1. Could you estimate the translational diffusion coefficient of the range 20-109 from the Stokes-Einstein equation, with Rh from the Kirkwood formula over C-alpha pairs, at 20 °C and 1.002 mPa s, in whole µm²/s?
2. Could you state the orientation-averaged shadow area of the convex hull built on the Cα atoms of the range 63-106, in nm² to one decimal?
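Just so it is clear, none of the values below were taken in a lab; they were calculated from the coordinates. The shown structure was predicted, so the numbers you read here are calculated from the model rather than taken from an experiment.
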Amino acid sequence: DAAAPPTIQAAPVVASSTPAGTKLPNPARIAHDVSGAYRSAYGEVRLEQAGTHITGPYVCCGGGTIDGTLGRDGRITYRWSQPGSAGRGEWSAGPGGQLRGTWGTGDSATSGGRWDLTPVAPELERAE
C-alpha cells in the first residue's frame, strides 16, 4: 500500500488508493521520538532522531539513506538517496505510531506516491 524510493532502472509499481502527486489531507503532528525500526511495502527502514534531525538507512532497491528534519508543524521532511537516484518526501503521524506520507524524485516530495511506515514492536525487533 506504500511506495519507496525507485531503483535506477524504473520505479516499482504498487497499487495505491492515493494517486502520485497527491498530498495527504490535514496531516497530524508527530509528537514523539521516531527512533526505531519500521516496516513498509518496500522493506525495513530504521530511523534515529537527535533533536529535530532524523537519519537512517532503508533496505529497498539496493539500500539507501534518509536525512530529514522534524519541523515546527510536526511533520518530517526528508531527502532520500541511494546509488544513482535521490529525491524528497514527507511524513506525518498516523495511527499506532505509523509515519504516513509520500516520496518523490528530484525536487518533488509526492511524485512517487505513498510511503507509509509501521513501527516494529521492540520484542519483534530483538527476535529478528
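1. Estimated via Stokes-Einstein, D reaches 163 µm²/s.
2. Working: hull surface 13.6 nm².
Directional mean of the projected Cα hull area for the range 63-106 stands at 3.4 nm².
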